[in-house]
Every structure is written in structure tokens, then in C-alpha cells.
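The structure appears right after this line, and notes come after that.
The values are calculated or read from the model by the stated rules, or taken from the named source; none is laboratory data. Model, not experiment: these values are computed from the prediction. FYI the Cβ positions are ideal-geometry reconstructions off the backbone, even for glycines, and counts take in every protein chain you see. Heavy atoms of the whole protein, side chains included, go into the accessibility calculation; ligands, DNA and RNA do not. Shrake-Rupley method; radii C 1.70, N 1.55, O 1.52, S 1.80 Å.
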Amino acid sequence: MSATEESPMNGAPVIDFDKFKPTRSFIAARKRKDAAMRMLISLAFIVALVPLISVLWTTIANGVKRLNLNFLSYNMTGVVGGNPTPSGGYGGVQHAIIGTLEITLGAMVISIPIGLMCAVYLVEYSNRGKLSRAITLLVDVMSGIPSIVAGLFAFSMFTILLGPGTINGFEGSVALSLLMLPTVVKSSEEMLKIVPNDLREASYALGVTKQRTITKIVLRTALPGIVSGCILAIARVIGETAPLLMTAGYIASTNVNLFSGQMTTLPVYVYQEYSKLNANCPVGADASCVTTIPMERAWAAALVLIVLVLILNLIGRLVAKLFAVKTER
């Protein structure tokens, strides 16, 4: 019997859908494949979690030993070997936290407005012309620039403008902004592209100008994605060491002036402490002199850096939630 038969009433063909039912063996094979794929995906997820959990656990286990209020409240001024300071601690990371926040904030002030305006031009104004293709190419090239090259560029530029040997926190911000810019541009561009054109057309139909449509509708709609992209850009640069060694330098005391003098950041602090490996203790020193204090400070600073990135992520998500477009149900 064929799959189609003529109806006795009007002669129209009637499809026998029972012929298309999957067999039991086919259903069983499909279930086996589904179970195998679920197992492979779960295994891949577990494998991906192993290094993440390992890094977090190692950092927490080693960093929590020295992480306390004294460590967060003091800098490295007056620290000699493994001996305790008059405050009762063994040096701190206060100057590195301040330097990290100021230099990263300076990089954000430079890169986020420029990157966002560049993305708006590419999506809303360019019409895929020669200039937009050139900008896209340059952004793609910049995304592959090694961080040390960004540091060399910033150091050379400030040497030409302000003279040889110029090192300050703002120079480090310029170096980091070069690394942030491609991420901000690409992420913002993708978020602006997924905003429905119906929203733009509805705004234009009501007589709203293009500039106001972009600022009040397009950017507001894409804001959560833009903020997420900016957070990714910050996470991309906040752990950089090489460009900041060249541009911001290292100092044991606290410097709050971004535009004058050397500044220490957390990654540079970790590198400097790790390079020491062990501290010197005089012969006959008591138990208060700790030879392993540099490594303990390095782990504690690494833990502070992870917590700082977590806090910035939470702040970014809160900002995106507060300023996102509210939809009524």
C-alpha cells in the first residue's frame, strides 16, 4: 500500500501519516545519541571548570593568610626584609590598590567615550563606506597588538612630548586605553547592530531627530550589552603588567596624583614581590621575621585583584540594570 491513497468521496489523495512514524530502533538510536552528547557537553563543562576552580582555590588558600586590615591599610614604606613594621604588619598594598583604580579609571575615561562614538559612527552613520572599512581594519589590527607594544608607544609619545624619563600614572592609562579600545568598539558595535530597526523607524516617524533617536532609544536599548563589553575591556587590562612597568613604574609609597610621579598597580606589585622570592632575616632574628613574606604578599595582592575585578563586575551589572529600558508587562 502506498503512502497516499485516493479518498472515496472526492478522489483527493489522503496521506497516510502512519508511514512516517519513526521506528522504535530509530527512536532508541536518537536517545542514545542525545545521552552521549549530553555526557560530552557535561564533561566539557567540568573540564572547563577545573582550571578556574583550581586558580581560585589556590589564590584564596595562599592569599587569605596575609590578607587583613593592616595589609590593606599600609604601603611598603619602611619595610626591611622580613621584619615587621612599627604598625605590626609586614607591609601592605594600599598604594597598589589606589594606583590600580586611578590608572584603570583614566583608561576608561579615554577609551570608553572614543570607542562608543566610533561604534555609533560605524553602525548609524557610515553606510559601510571606505572610511568605515578602514576603521574596522584598524580596530581588528589593534586587537592583536601585544601589550608591551602599547607600553612602548605610550612611553615614546610621552618622551617626545614631555622629555626623556617621563613616567606617571596617566602614561599608564594611555597604554591601557590602547588595549581597551578594540574591545569597547567591537562589543558596542555588535550591541548596536542587534537593536531592532523598528525602534529607529518608529522614532523617525514621530519626528524625532537622528541624534536624539540614537541617544535616547538606540543607546538605552543597547546599554546592558555595552556595559558588559566595557567590563570585559576592563578585565582585559586590569591585570596587565608589562606596559605599566614601562609607563607607570613602581614606588613603595602612596601616590594619588595620576599626572605626576610613579604609581604602583596590583599586577606590578605582585610581580615585584614574586621576584624577591624570599626576604632576608638577620642572624639570631626571632620568629617575627618571616622569610616567606614576599610570596605571601604576592598571593594576597593577587586575591585583592580578583576581588576588585569581581566588585567592578557587580557595579557594572548594577549600572546596566538601573539604566536599562524598562518594559511593562
Env charge @ Thr247, Cβ radius under 11 Å, K,R +1 / D,E -1, value -2
Row for the range 37-147, column shape: gyration tensor on C-alpha, a ≥ b ≥ c, rounded if a/c < 1.5 i.e. under 1.5, prolate if a/b over b/c, else oblate; value oblate
Contour minus Cα-Cα span, Leu322 to Cys281, at 0.36 nm per residue, comes to 9.4 nm
Given a 1.4 Å probe, the accessible area of the chain per residue, as a whole number of Å², is 59 Å²
Classified through the alpha carbon gyration tensor (a ≥ b ≥ c as square roots of its eigenvalues; rounded if a/c is under 1.5, else prolate when a/b is larger than b/c, else oblate), the range 247-295 comes out prolate
Placing each pseudo-label 7 Å from Cα in the direction of the beta carbon, Thr166 and Asp34 end up separated by a distance in nanometres of 6.6 nm
Cys residues of the chain with no disulfide-compatible partner (no other Cys Cβ under 4.7 Å) are Cys118, Cys230
Taking a ≥ b ≥ c as the square roots of the Cα gyration tensor eigenvalues, with a/c under 1.5 meaning rounded and otherwise prolate when a/b beats b/c or oblate if not, the chain comes out oblate
Net charge near Ala175 (other residues with Cβ under 15 Å of its Cβ; Lys, Arg +1; Asp, Glu -1) is -2
For the pair Val208 and Ala235, the simple spin-label estimate (label points 7 Å beyond Cα toward Cβ) gives in nm 3.1 nm
At the level of C-alpha centres, the distance separating the range 96-149 and the range 230-255, in angstrom, is 18 Å
Carbon plus sulfur, as percent of the 1.4 Å-probe accessible area of the chain, comes to 68 percent
With Cα springs under 10 Å, the Gaussian network model of the chain assigns the largest mean-square fluctuation among Lys130, Lys193, Lys65 to Lys130
Mean separation of Cα contacts under 8 Å (at least 6 apart) over the residue count of the chain, i.e. the relative contact order in percent, is 23 percent
Taking the range 161-316, the lysine pairs whose C-alpha atoms sit under 26 Å apart (8 or more places apart or on different chains) add up to 4
